[in-house]
Number of protein chains: 2
Amino acid sequence: GGSLARAMKDRGLVDEVVGVGRGEANLKRAVEMGVIDEFTHDPAEGVRGATLVVLATPVGTFEPIAREIRPHLQAEAIVTDVGSVKGGVVHALEDLLEGSAAFVGSHPIAGGEKSGVEASDPSIFDGARCVLTPTPRTRGFAIDRVEALWQAVGCRTVRLDPDVHDKIFAAVSHLPHAVAFALVAAVERMDGGLDLRNFSGGGYRDATRIGASPADVWRDIFLLNREHTAAALRVFEEEIAAIRREIEEGRGEDLEARLLRICRIRRALSQIQGG
Amino acid sequence: GGSLARAMKDRGLVDEVVGVGRGEANLKRAVEMGVIDEFTHDPAEGVRGATLVVLATPVGTFEPIAREIRPHLQAEAIVTDVGSVKGGVVHALEDLLEGSAAFVGSHPIAGGEKSGVEASDPSIFDGARCVLTPTPRTRGFAIDRVEALWQAVGCRTVRLDPDVHDKIFAAVSHLPHAVAFALVAAVERMDGGLDLRNFSGGGYRDATRIGASPADVWRDIFLLNREHTAAALRVFEEEIAAIRREIEEGRGEDLEARLLRICRIRRALSQIQGG
């Protein structure tokens, strides 16, 4: 939210930004930093007169917020979001906002595990992918404007079916987050006085960086993309069990062949994306 | 290996460094870069006249190498290593080198997923931990000299029992590597034309960075630390299954409580170590 507001303001793409939220301190700080012009705790008041409304709260709050703001949206308002789950969420918002404002689902692949305006960074969109998820009900003017906005702040946009989006992100994002959470929990469980964190190096730190992501955001993502995430977790559980069995059974050749194949896949990614 | 040679040369801690290895191109490049003074493919020749021998190959090769160099070591030579597994490895090397050279197990917690002299970096030891694993058979002058060496290149040393070392590193290093390998394999399996790597962001990249680590090195580590690694994997498998079940069963409150606890643990680590 804060990052997008700053990116838009930096480029003169907006006249006025109204922040809507619960945390008074964070909103006051956002005004001080010039990220937003004013704020309110009341969504209905916040959207009054707005030409663009961006939902940037945990994805499970989108439906109740849409219900609340719906009577107060002006006729040509566009509502978009930055949520990590699309499928059912997009369809629910389309139903709720039908006849009120035009909804377009967006998901910028940017941002980190930190939240709050102090962590906002307008440069996160530079060269980042932003997925737009139009449906047969999406209005043409609205998706064109939303796509132009993301491109203006630096994103490379791509349009995907909402359910395909959810299948893709279950694999490349929701699964890795669940894995990082489980890894932090497992290492904690094994501590038993070993003072493990004194011995963890860069490998553990990188592998679990996203394990510091906010609990409410990720509860919503996991539950709203339940089927795809659970399916991805089952595939992962098979892979980790296969590695564990090869270790337990001392099957060195099988294990090395497996690791070699994996290492090649991961190195190919580094060559494309760096890092 | 290369990183340590450079760190020692930069500080004038050594007169001459002889590189021993199989890869001709890598060894020639190491001479060009001034990392080593000369090289040989023959371990017996490489250790002749050496006061310090550092084993920096995959940990499974230590035993055969020790057998090969043993008759050629000079009386007061010290042999150490940079291997990630200690327990059985240390005891086997002590047995093999008994009456020949003094062995001291070392494990500097530094270095990354890349190998070869081009990836060497003498600064990786700055402030890094280095674990030394003395046993009742370790000779005093040898551990003191090896410890002084690691401290001279910038490490903070700590002494641990070899088996305690292996238990700790099964949790904080060997488990995270197995997890990263399984994650790369799972995402690859789910691709099926979705072109997933085009959508993976920084989360997946960080979580799997160590998934590009060399297959031969990690086969050896997993097999030589088999019991502790398999035990750590079983704990992890319980944690990931618990998260998956909460997602499948839509248990939002349990899931959020779990994630909140995990996120606090991981944030506490960031406050201590950064990142």
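The values are calculated or read from the model by the stated rules, or taken from the named source; none is laboratory data. Being a predicted model, the structure only gives us computed values, none of them experimental. Positions of Cβ are generated from backbone atoms using ideal geometry, with glycine treated the same way; all protein chains shown enter the neighbour counts. Calculation scope for accessible area: heavy atoms of the full protein, side chains included, ligands and nucleic acids excluded. Shrake-Rupley method; radii C 1.70, N 1.55, O 1.52, S 1.80 Å.
A few comments on the model shown:
- Percentage relative contact order, chain B, counting C-alpha pairs under 8 Å, at least six apart: 16 percent
- Whichever lysines have a C-alpha closer than 26 Å to that of residue B:9, once near sequence neighbours (fewer than 8 apart) are set aside: B:28, B:114
- Counting protein heavy atoms only, the stretch A:144-260 has 43 percent of its accessible area on carbon and sulfur, 1.4 angstrom probe.
- With all protein chains kept in place, the per residue accessible area of the protein assembly as shown amounts to 43 square angstrom at a probe of 1.4 angstrom.
- Computed with the Debye formula from one identical point scatterer per Cα of the stretch A:164-273, without solvent, the log10 of I(q)/I(0) at q = 0.20 Å⁻¹ comes to -1.31.
- Annotation: average projected area of the stretch A:2-160 is 8.3 square nanometres, based on the convex hull of Cα atoms across all directions.
- Among the cysteines of the protein assembly as shown, those with no neighbouring cysteine Cβ under 4.7 Å are A:263, B:263.
- Antiparallel bridges, percent of DSSP beta bridges restricted to the protein assembly as shown (to nearest 5): 20 percent
- Average beta-carbon neighbours from other chains, 10 Å sphere, peptide B:230-237: 6
- Average partner coverage of A:157-170, which counts Cβ from other chains inside 10 Å: 2
- Residues considered: A:93, A:223, A:73. Largest GNM mean-square fluctuation over chain A, using C-alpha springs under 10 Å, is found at A:223.
- Accessible surface of residue A:161, taken over heavy atoms with a 1.4 Å probe and every protein chain present, rounds to 80 Å².
- Bins of 20 Å from zero: percent of alpha-carbon pairs in the protein assembly as shown: 20, 46, 25, 8, 0
- Sum of -39500 (n - 2.57) over DSSP H runs of 4+, divided by residues of chain A (222 nm, nearest 500): -15500 deg cm²/dmol
- For chain B, the extents of the C-alpha atoms along the principal axes are 67, 42, 33 Å, listed from largest to smallest.
- Chains B and A together bury some 8300 Å² of accessible area, summed over both sides, with a 1.4 Å probe.
- Span-rule helices in chain A, defined as complete DSSP H runs reaching 20 Å or more along the axis (Cα) with Kyte mean at least 1.0: A:175-189
- Note on A:12-23: average number of Cβ atoms from other chains within 10 Å of each residue's Cβ is 0.
- Across the stretch A:81-203, counting alpha-carbon atoms alone, Rg and Dmax equal 18.7, 61 Å.
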